[in-house]
1. According to a simple spin-label model (label point 7 Å from Cα along Cα-to-Cβ), what is the distance in nm between Ser5 and Asp60?
2. List the residues of the range 6-21 whose backbone N lies under 18 Å from a point placed 7 Å from the Cα of Lys71 along the Cα-to-Cβ direction.
3. With each label point set 7 Å from Cα along the Cα-Cβ vector, what nm distance links Glu18 and His122?
4. Given a Förster distance of 25 angstrom, what is the FRET efficiency for Ser25 paired with Leu50, based on the Cβ-Cβ distance and rounded to 0.05?
Amino acid sequence: MKDFSKRTGILVHFRAFEGVEQLNSTKRTVLFRIAQAALANVAQHSGAKLVTITIKKLSDVVCMKIHDDGKSFEAERVFSSKLNEHLGLIGMRERAEMVGGSFSVESKTGLGTTIFAEIPSHDNRRQQHQWVNKRRSLFIK
């Protein structure tokens, strides 16, 4: 994030719960890659001056919120588009779902964009297995 701020001039505030390092490496990597892709989108598209990344543990989930003060976009249109130009957002959603989590985006004129990613804090191999089987079925059809 320091390199990102140096390179782009966009200020980043980061706050994480104590113990985030104790998540398994797959989940830490998912959070890192989602944040990395979000920052790339901010730098490329938003015109933001400030990004805030917050990671909290709530009950049995870890929640990451990434908010920028840049320009907004039509999130619903992006996810329903058949064009490949929005692979960053789709990739973020798929990463969260890969570990049994969820992903959403809110973007409003004058308020910037907020990305929400939630992943289970405990290992849930059954849920991960179901996700893999669901993804495989898409290719079998």
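Every number in this text was worked out from the coordinates using simple rules, so none of it is lab data. The structure displayed is predicted, hence computed values, not measured ones. Glycine gets a Cβ as well: all are built from the backbone with ideal geometry, and neighbour counts include every protein chain shown.
1. Using points 7 Å along Cα→Cβ, the separation is 3.7 nm.
2. 10
3. That separation, rounded to one decimal, is 2.3 nm.
4. 0.25
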